[in-house]
């Protein structure tokens, strides 16, 4: 929901039903692998966090999911795209005079100076690697076992208990790789009618993650780190 009067964005976070984009997970430290959490049967605790694969645009045929369906741009691949989530939020915070023209100009200048070879999808530190095959016998069947390693980058937002994770993976519908952006934050950052700690999620329960004057700068920073 876009609260224009109070200049804030309220993002609905499903707690009881994981989606392809939003999941409640558990881990004690950010560098650990997050495990899915059965919110309807296992009480929530301080080690729970939300992993949100935040989008940045949407194809024109899906423009109805955007609050700005009439604002489009041509992407680097020549396709017409509509503002959605990250780009959508950037639009609002700029329109609400929270992100200044100077900050936006600085971001554009920074990104325009980046060379193609240094982008995350091409950077040598972000290469997907495969180990040498090793013979393995599992259940009396012989295999050649290899391990794929997908690079992951973690960006800390300083004063916030919020981090961004970027995982480099193969493109699903094209040749090449792409960075997948995840916004992660503890469940204590959510707005709920009653505390989540120590209880299970109610059926079809949702909470809200609020982006406002206290943390809106994470939007501008995510634009920088995703495109870089």
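Tabulated data for the structure shown
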quantity: Filter result for residue 49 (surrounded by 16 or more Cβ atoms within 10 Å (Cβ to Cβ), at pLDDT 95 or above, under 21 Å from the mean Cα position of the chain (by Cα) and closer than 28 Å to residue 153 by Cβ); calculated: yes
quantity: Subset of the range 150-190 that is surrounded by fewer than 12 Cβ atoms within 10 Å (Cβ to Cβ) and at negative phi - its residue that is modelled with the highest pLDDT; calculated: 156
quantity: In the range 33-46, residue surrounded by the most Cβ atoms within 10 Å (Cβ to Cβ) [restricted to those that are in a loop (DSSP other than H, G, I, E, B) and under 17 Å from the mean Cα position of the chain (by Cα)]; calculated: 34
quantity: The range 18-32 - residue that is assigned to a loop (DSSP other than H, G, I, E, B), closer than 17 Å to residue 209 by Cβ and in contact with a strand residue (DSSP E or B) (Cβ under 8 Å, 6 or more places away or on another chain) and, of those, modelled with the highest pLDDT; calculated: 21
quantity: The range 166-185 residues that are farther than 23 Å from residue 46 by Cα, paired with ones that are modelled with pLDDT under 85 and loosely packed, with under 14 Cβ neighbours inside 10 Å (beta carbon under 7 Å, 6 or more apart); calculated: 177/171; 178/171
quantity: Residue count, the range 148-189 (criterion: in contact with a strand residue (DSSP E or B) (Cβ under 7 Å, 6 or more places away or on another chain) and in a helix (DSSP H, G or I)); calculated: 2
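So that you can scan it fast, the table gives a plain yes or no per residue for (1) free of Cβ contacts under 8 Å to residues at least 12 places away in the same chain; (2) more than 21 Å from the chain's Cα centre (by Cα); (3) assigned to a loop (DSSP other than H, G, I, E, B); (4) surrounded by fewer than 10 Cβ atoms within 10 Å (Cβ to Cβ):
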position: 90; (1), (2), (3), (4): no, no, no, no
position: 93; (1), (2), (3), (4): no, no, no, no
position: 99; (1), (2), (3), (4): no, no, yes, no
position: 102; (1), (2), (3), (4): yes, yes, no, yes
position: 109; (1), (2), (3), (4): yes, yes, no, yes
position: 121; (1), (2), (3), (4): no, no, yes, no
position: 125; (1), (2), (3), (4): no, no, no, yes
position: 132; (1), (2), (3), (4): no, yes, yes, yes
position: 136; (1), (2), (3), (4): yes, yes, no, no
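The values are calculated or read from the model by the stated rules, or taken from the named source; none is laboratory data. It should be emphasised that the depicted structure is a prediction, and the values quoted were computed from it without experimental measurement. No Cβ is skipped: glycine too gets one built from the backbone with ideal geometry, and neighbour counts run over all protein chains shown.
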